[in-house]
Structures are given as structure tokens and as C-alpha cells.
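The values are calculated or read from the model by the stated rules, or taken from the named source; none is laboratory data. Keep in mind that what you see is a predicted model, and the values were worked out from it rather than measured. FYI the Cβ positions are ideal-geometry reconstructions off the backbone, even for glycines, and counts take in every protein chain you see.
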Amino acid sequence: MKQNNLQIKGYQIDPIIFELGFENSSPNECKGLCCRSGVWVSLKEKEQILENKDLFKKFMDETQTLDDSIWFENNITADIDFPDGLCDSTNVYNDKCVFLNKEYKCILQVAALESGFDKFKFKPYFCITFPVVISQNTITYDDFLLNIAPCCTAKKTKNPNFIEQCEIELLHILGKDGYIKLKELAEGNKK
Ligand code: SF4
């Protein structure tokens, strides 16, 4: 990752995101492949999910487990990119995140929508932002699924569209004003 002086709202911006583009797909066509291995969660997110466990159990199918004691790895790890510097991880069950149903939908989101909440109310932060990630306080592209999932494959291109195609993800991190600033920086980067 390049060092740079690009900053928005206290985050460094990795200039690589100004050079990347999606070709045949985009995160808007997500098929849930990123959910196969689970996700890191803050302790607050974990607590909120467990507080509402009975709601989520109503939306789980036979490929998922109702045993909430194994929904998380329960292995607390230090990570500066989480608000309190600590995180845990969702567990994998039947070769997918415990919260992914057989139709490859996240039941944390399904339950929120069906209950009249905002769709992201219970969804972990880094599930919402993927393939955008905050690493060491730097906003960058997570190439975990490069060449595996077209919707998460962004490559260097002469026609970069990463900022536009990841609008929802970047808006979640930066807010509207921060996203506008990022687009301005991207324009400046072209000159
Ligand atoms: S919590 Fe939901 S969105 Fe996140 S990895 Fe699990 S199934 Fe996917």
C-alpha cells in the first residue's frame, strides 16, 4: 500500500482506489461469495446480534444453526480498526457464515427488513463496506476475492470506476460530504 497525504475524516485514502475499476460486474451484483468465510465484528456488533438472537432464529433455515453459542468464534483479537481496538469473528457453519441462509442472503439483513428496521441495522460494518476495507486506518480495496468473484474483482484500468461502483460502501464509511470530497480527490488524481 502506498503512503500518501490524502485524508478524509481522519482516514488515509489509498490512492490505488483511484486507479481501479470493475469490468463485468460490481458489488451491486453480490452473490454472497464474500460471506463464505464469515466476518470480523466489533464486540458491540456481536453484543447487539446476541441481544436480538430470538429475532434472527425466526429467519434461519435448516442449513443454519440455532445454537447461538457457536455463532461467533469467541476468540477476542486486538485490531486497531475497530472502535474499542478489539474484535471477534462470526463462525463458519455448513461452509458459510452462520448468518447466511441457503438462498445466500444474510439473515441479519433479512430480519431487519422484515421487522421494519433499516436494512443495515444489525449487519456488521465490514459486511456493508466490502470490498472496501479500512486497514491500519487506511481506506482501500480488499482483494480477497480478486479473480474469484467478478462482483469483487477490481483491477487497474484506464477507465477507473471503483469510487462510483462502491458508492454505497464508501458512503457508509465517509458519509455524503466525505464521499463528495473523495470524488473531488479522484478527479484531481486524473489531472
Ligand atoms: S454477517 Fe451476513 S453479510 Fe456478513 S458475512 Fe455473515 S452472512 Fe455475510
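What the table shows:
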| item | result |
| --- | --- |
| Given (1) farther than 14 Å from R36 by Cβ; (2) touching a strand residue (DSSP E or B) at 6+ places or on another chain (Cβ under 9 Å); (3) surrounded by fewer than 21 Cβ atoms within 10 Å (Cβ to Cβ), index of the condition P124 fails | (3) |
| Single residue of region 41-57 satisfying the filter (buried (at least 19 other Cβ atoms within 10 Å of the Cβ) and not polar (S, T, N, Q)) that is nearest to G85 (Cα to Cα) | V41 |
| Which numbered condition C151 fails, given (1) part of a helix (DSSP H, G or I); (2) outside the structural domain of C30 (by TED's automatic domain parsing) | (2) |
| Hits in region 111-148 (condition: within 14 Å of the ligand (Cβ to nearest atom) and farther than 30 Å from G85 by Cβ) | L113 |
| Tabulated pairs, region 27-41, first under 13 Å from Y125 (Cα atoms), second in a loop (DSSP other than H, G, I, E, B) and of a type in the set (S, T, N, Q), C-beta under 8 angstrom, 6+ apart or interchain | G38/N91 |
